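Heads up, the thing below is written out as structure tokens.
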Amino acid sequence: MATVRDFSASRMPGFAAVAIVAFLLLYAPIFTLVVYSFNDSQSVAVWGGFSLKWYAEAWENTAVQDAAIRSLVIASFASAIATTVATMAALGTTRNEAFRGRTFVYVMINQPLMAPEIVTAVALLILFAAVKTATGYTGLGYLILAHSAFCVPFAYLPIRARLEGMDLSLEMAAADLYASRWRAFRRVTLPLMAPGIAAGAMLAFVISLDDVIITEFVKSAGQDTLPTYMLGQLRRVVTPEVNAISTALLGLTVILLTAFFLLTRKRD
């Protein structure tokens with residue numbers, strides 16, 4: 001009798017070659033960006049020797065400093081709000097019996113992932129324009145709320161995955177020992193789901209930090225974040241300073257995503 005082997009894409013002819021080409025197409029531009037961030041030349045395409053001057057110029061640029069601080073503030077608040085909402089939503093959809101309309105709830109929570117971002121940006125622009133006209137307020141609150149709404153599903157998915165993978169026996173044991181629902185949540189559920197919450201918060205932070213489209217539509221004058229500042233620079237004059245800022249932003253993103261991976265990987 002012939003032995004039936006499990007299907008594996010890695011055994012298909014040409015798999016290694018296709019994988020190498022795919023990785024080259026994905027990472028060659030990023031590698032080029034990082035290399036040319038150390039370019040001594042004024043040109044972004046002509047190598048003029050190794051130098052750190054563009055990092056120094058970006059560090060001393062007050063516009064970059066203001067945009068970076070603004071980006072970190074918005075991302076921090078948006079991540080906190082989105083993670084709080086996502087945690088409550090995940091508890092409500094995983095710690096209750098199945099109810100009619102739960103699929104609709106899933107769809108509504110994940111709507112920002114399914115709709116084109118430009119649609120969300122235009123909708124928020126119209127809504128906030130009406131609010132600005134009525135209230136006269138033009139602060140960062142609009143950007144924080146917009147980023148929070150967009151980041152909720154990104155925080156929700158790892159938190160929900162963590163809850164669905166948790167053993168209910170510990171929560172049931174706490175209930176059997178007459179712990180109130182709040183005490184059981186604080187002493188048992190919350191510590192167990194903490195890695196998922198941290199992972200969701202980091203993912204939301206990264207998404208907010210990198211966002212361009214929603215920020216470009218919602219921001220008022222003088223509210224550039226680091227990505228929109230870089231976009232503005234690309235429209236005027238391109239220097240390796242943009243490469244240096246991009247590389248620094250890339251490094252921060254890689255660190256956060258690595259931490260996200262370490263928190264969400266499966267443990268034996």
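For this structure, a couple of remarks:
- The Cα atoms of the chain give a gyration tensor whose axes a ≥ b ≥ c have a/c of 1.5 or more with a/b no greater than b/c, which makes the shape oblate.
- The alpha carbon centroids of the stretch 173-216 and the stretch 18-60 are separated by 37 Å.
- Cα-based Rg and Dmax for the stretch 177-268, where Dmax is the largest Cα-Cα distance (Å): 19.5, 67
- As a rough guide to protection, the peptides 205-215, 70-80, 38-48, 147-157 ranked by mean Cβ packing within 10 Å, highest first, stand as 147-157, 205-215, 70-80, 38-48.
- The mean sequence distance of close C-alpha pairs (under 8 Å, at least 6 residues apart), as a share of the length of the chain, puts its relative contact order at 30 percent.
- Residue among N61, M202, A22 farthest towards the positive dipole end of the chain, charges placed on Cβ: M202
- Least to most buried among L190, L143 (fewest other Cβ within 10 Å first): L190, L143
- Order of W59, W54 under a 10 Å beta carbon neighbour criterion, fewest first: W59, W54
- Nearest 10 degrees, 0 to 90: helix 226-236 Cα axis against the chain principal axis: 30 degrees
- Panel order for V242, V18, by other beta carbons found within 10 Å of each beta carbon, from fewest to most: V18, V242.
- In degrees, nearest ten, helix 117-135 long axis to first principal axis of the chain (Cα): 90 degrees
- Tail fraction, Cα-Cα pairs, the stretch 12-51, threshold 14 Å, whole percent: 57 percent
- Local net charge near T83, Cβ-Cβ under 14 Å (Lys/Arg +1, Asp/Glu -1): +2
Any read-out appearing in this document is the output of simple, stated calculations on the displayed coordinates, not a laboratory observation. Predicted, not measured: the structure shown is a model, and the values here were computed from it. Counting neighbours? That spans all protein chains shown, and the Cβs are built from the backbone with ideal geometry, glycine included.
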